[in-house]
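Please read the structure below before turning to the comments.
The values are calculated or read from the model by the stated rules, or taken from the named source; none is laboratory data. Note that the structure is a prediction, hence the values are computed from the model and not measured. Cβ placement follows ideal geometry from the backbone for every residue including glycine, while neighbour counts extend to all protein chains displayed. Calculation scope for accessible area: heavy atoms of the full protein, side chains included, ligands and nucleic acids excluded. Shrake-Rupley method; radii C 1.70, N 1.55, O 1.52, S 1.80 Å.
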Amino acid sequence: QVQLVESGGGLVQAGGSLRLSCAASGSIFSIATMSWYRQAPGKQREIVATSTSGGSPNYAASVKGRFTISRDNAKNTVYLQMNSLKPEDTAVYYCNCNARQSSASGWFTYWGQGTQVTVSS
């Protein structure tokens, strides 16, 4: 199994910054994409940013220029640096990865438990 553990959420004032971390552990052979999603109260979960192994990151239009996704492949960890935070960024942020546990196994999607980010106005 693969486990994802997020950390770094919290309460911040508008204009402030937070850095989220997500570490993948367990039986991991390789990880393709690592992504951040978020879900605000009463809304559907939406993708925030994606890091693809060997490719350029992708961002939702609402966070482009403010958020930066980065990845440490040696640690199987993905980060989300969030700057110029707005109240509308308030949500539970989830980490997601596509990984396989051996060269012969298929690719599966795994989710973290989520971390709350609250931005006050």
Inset, instruction - Starting from residues that are assigned to a strand (DSSP E or B) and of a type in the set (Val, Ile, Thr), keep the ones in the range 26-54 and report whichever is least open to solvent (accessible area, probe 1.4 Å). - result: VAL48
Inset, instruction - State whether one or more residues within the range 6-18 are outside any loop (DSSP other than H, G, I, E, B), among the hydrophobic types (A, V, I, L, M, F, W, C), surrounded by 14 or more Cβ atoms within 10 Å (Cβ to Cβ) and at pLDDT 95 or above. - result: yes
Inset, instruction - Scan the range 91-100 and give yes if some residue there is touching a helix residue (DSSP H, G or I) at 6+ places or on another chain (Cβ under 9 Å) and either under 13 Å from GLY114 (Cα atoms) or surrounded by 13 or more Cβ atoms within 10 Å (Cβ to Cβ) (or both), otherwise no. - result: no
Inset, instruction - Sort out which residues of the range 68-90 are modelled with pLDDT of 95 or more and either closer than 17 Å to GLY114 by Cβ or aliphatic (A, V, I, L, M) (or both), and write them in order of number. - result: ILE69, THR77, VAL78, TYR79, LEU80, MET82, LEU85, ASP89, THR90
Legend entry - Counted residues, the range 1-53 - those being of a type in the set (A, V, I, L, M) and over 19 Å from TYR79 (Cβ atoms): 3
